[in-house]
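Only one structure is covered here, and it is reproduced in the block below.
The values are calculated or read from the model by the stated rules, or taken from the named source; none is laboratory data. Note that the structure is a prediction, hence the values are computed from the model and not measured. Positions of Cβ are backbone-derived with ideal geometry, glycine not excepted, and every protein chain shown enters the neighbour counts. Please note that ligands, DNA and RNA were not included when accessible areas were found on the heavy atoms of the full protein model with its side chains. Shrake-Rupley method; radii C 1.70, N 1.55, O 1.52, S 1.80 Å.
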Amino acid sequence: MKINCKSIVSLLAAATLLLSLCACGTSSGTNTNANGAAPAQQAANENIELSIWHIWPDSTNETNKIITGFAEQYQKENPHVKINLDATQQDEYQQRKLKVAAATGSQGDIFYTWAPGYSRQFIDAGAVLPLDDYFAEDKTYDRMLDGVMDYFMFDGKAYGIPCKNWAGVMFCNTELFEKYNVEYPETWDQLLTAVKTFRSEGLTPMAMGGKDAWHIGMYHNAIALRTAGVQYCNDALQGLASLDTPEIVESARLMKELSDAGAFMDGTLGVTYDEAQMEFFMGLVPMYYSGNWTSGDVDSDDNDVKGLIKVMPMPTVSGGKGDATTHLGGVAEGFMVNSNTKHPDEAVKLAIALTEYMSQKCYIIGDGLPAWKMDVDESEVSPTLIEIKKIINDASGFVLAWDTFLEGAAIDAHYNLLQALIGGTVTPEEFAQQMEEANKAQKSQE
């Protein structure tokens, strides 16, 4: 594999600054298959150890239980393999631990990551094993759903394995809509009417945690999809088109219009995602735009909205280029294999088995939409997630959340500009202009 020295220098610089903050596992050895050569068979029954890095450290978390249960079963079926699970809280993992470890190739043999923008730095630095030959031998693509590898392909090669799909939808509390005789919003004008009606009744119309800028991004990015359309958003985020266009300006204007109309909690920039979400779960807020991972919670006996939820696409915008069949979402989460693993054949085999297993189990618990073909008894599945799956069955296109598509400093710029837009310190025009400048500057460094 071609090694990009600029990327390695960048990652090593990050490691120098952050190494003292992180406790990284190790995975040493030289992989002779790093150039994508056909995988060689390892010695039969060789006792090996493989590490899996992931972001669910809480043992009571359902995804943690899925991975732990998988590891236990896999080791029973493959007694020569010992699996070491290494779990770190997401922010620490995403912002520090993985970046530092990948600079020296010491990340786990199999590690959780996000595509496409975030993982590009690791691929350019030669820290990720290309999987094409393994997939061909295993006939992996035959078991995947169409399109799920789109964001895990880099320069024509496969580098990641998707574990779940996702889509953003509007969760609506039917009890509050019916109580106040509000029409479910399918268009932007209907959404504004709903916001104003609920606000006049003393309710916060929409749950949004502006302190966590990525959640502002969920709303804004879905609106941008409506104004600019799928193809343009994907092109612009890749740097193939400009983010400084009337359509992106309009998306920022509409986001500000929602805020100014009183859609969100007073002082939303001081409210976290979890705090905003809890207000919705308590039945106090009628609308909430979030990902399908919210399904399990809204169907839980622990929350007051069980049985009261209707899911809808983000409302359409008059004159916009994205209709109701286009959605914020796609396949952006999965696992990659360390190019420095001592056991590439077994690591890839394990990674494929893990992601295929997670795709099914995460669907059953309501945490993700399937990325793999599977037969599932849907009586076990969250009813709300089944409704979301129906909405996207006829999807004509997806755009990932911008913070998984953008890279490096452009992600920070996006977060800062979103909060500044809501806070009124940048105009919609400045938002679009500065987003383009940040994205262009980041792309010029690659």
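Brief remarks on what is shown
- The chain - percent relative contact order, Cα under 8 Å, separation 6 or more: 24 percent
- Accessible surface of Met278 - all protein chains present, 1.4 Å probe, nearest 10 Å²: 90 Å²
- Unit charges at the beta carbon, dipole of the chain: most positive-side option, Ile83, Tyr273, Gln73: Ile83
- In terms of the mean number of neighbouring beta-carbon atoms within 10 Å, the peptides 293-299, 78-84 order highest first as 293-299, 78-84.
- Accessible carbon and sulfur surface of the chain relative to its total accessible area, %, 1.4 Å: 48 percent
- Near Ser59, once Lys and Arg are set to +1 and Asp and Glu to -1 for all other residues with Cβ below 15 Å from its Cβ, the sum equals -3.
- Exposure check, 1.4 Å probe, all protein chains in place: Trp114 carries approximately 20 Å² of accessible surface.
- Most positive-pole-ward Cα, Gln190, Ala127, Gly160, against dipole of the stretch 63-206 from beta carbon charges: Ala127
- Highest average first, the peptides 305-315, 58-68 ordered by how many other beta carbon atoms sit within 10 Å of their residues are 305-315, 58-68.
- Label corresponding to mean projected area of the Cα convex hull in nm² when calculated from the structure given, among (1) 24.7; (2) 20.6; (3) 28.5: (2)
- The separation of the stretch 199-218 from the stretch 61-138, counted between C-alpha centres, amounts to 34 Å.
- Relative contact order of the stretch 272-317, pairs being alpha-carbon contacts under 8 Å that are 6 or more residues apart, as %: 31 percent
- Highest mobility in the GNM of the chain, judged by mean-square fluctuation with C-alpha springs under 10 Å and restricted to Gly291, Gly267, Gly229, is found for Gly267.
- Size of electric dipole in the chain: Cβ of Lys, Arg +1 and of Asp, Glu -1, about Cα centre, debye, nearest 20: 880 debye
- In this Cβ point-charge picture (+1 for Lys and Arg, -1 for Asp and Glu), the stretch 372-446 has a dipole of about 120 debye about its Cα centre.
- Estimated 222 nm signal from helices in the chain, with DSSP H stretches of n ≥ 4 weighted -39500 (n - 2.57), rounded to 500: -13000 deg cm²/dmol
- Dipole magnitude of the stretch 141-201, debye to nearest 20 (Cβ charges: Lys/Arg +1, Asp/Glu -1, about Cα centre): 240 debye
- In this view, the solvent-accessible surface of Thr325, computed with a 1.4 Å probe and all protein chains in place, comes to about 50 Å².
- Largest accessible area first, the residues Arg143, Arg226 order themselves as Arg143, Arg226 under a 1.4 Å probe with ligands, DNA and RNA left out.
- Considering only alpha-carbon pairs that sit under 8 angstrom and 6 or more positions apart, the relative contact order computed for the stretch 136-256 is 13 percent.
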